[in-house]
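This report refers to the structure that appears directly beneath it.
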Amino acid sequence: MQCEICGAEIRGGSFKVNIDGSELTVCGRCSQYGTSAGKRNPVSKKVAPVSRRPAPATRSSRPPRKAPGMIVDELVDEYGQAIKEARERKKWSHDQLASKIKEKSTLIKKIEREEIVPEDDVRQKIEKALDIKLTERTGENDWSGERLNRGTTLGDIVTIKRK
């Protein structure tokens, strides 16, 4: 039998390899030019496909950008304590509040401990169920001129040249 690549007489065992979609019988030296046709290479179940797009940023990972003069609703400080007090006023357990807003009780507990920031839809459900307001309007009035009295900064001097 002859190697289908180099034409030499095959001594010993022959190899079946795939080269550009064709299955060829080759000698040991030429077997390196293809992939083995006899073996199947199963895909590991642990390997996940790689996404080429970056994951979208969640609200809790990055706060929204505020432009000067822009009016924004921001979550109040100590929102967890406000939720806990309102829930206790109604004499509800974590489970009762969770069932009313159709969320998990562990989520309510984490929000009360301020381990996580509630997403807008969850925040709105909590506000409606407990009759409280968890946001406050911030904007132009919150700006103070303290930064002007700090002196010159590097940002005042440097001009950035873009390519």
### Query
Only one of Arg52, Arg29, Arg87, Arg113 is surrounded by 15 or more Cβ atoms within 10 Å (Cβ to Cβ) and either out of contact with any strand residue (DSSP E or B) (no Cβ under 7 Å at 6 or more places or on another chain) or at pLDDT 85 or above (or both); which?
Arg87
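Hey, among Lys45, Lys16, which residue is outside the structural domain of Arg113 (by TED's automatic domain parsing), basic (Lys, Arg), over 30 Å from Lys109 (Cα atoms) and modelled with pLDDT of 85 or more? Explain how you work it out, then say what you get.
Details: Lys45 fails: modelled with pLDDT of 85 or more.
Only one candidate passes the filter, namely Lys16.
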### Task
Hey, could you check segment 132-154 for residues that are modelled with pLDDT of 70 or more and under 32 Å from the mean Cα position of the chain (by Cα) and say which is surrounded by the most Cβ atoms within 10 Å (Cβ to Cβ)?
Leu134
### Task
State the number of residues belonging to segment 98-141 that are touching a residue at least 24 places away in the same chain (Cβ under 8 Å), within 20 Å of Val76 (Cα to Cα) and of a type in the set (A, V, I, L, M, F, W, C).
9
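The values are calculated or read from the model by the stated rules, or taken from the named source; none is laboratory data. Remember, predicted model here, so these are calculated numbers, not experimental data. Heads up, the Cβs are rebuilt from the backbone with ideal geometry, glycines too, and the neighbour counts pull from every protein chain shown.
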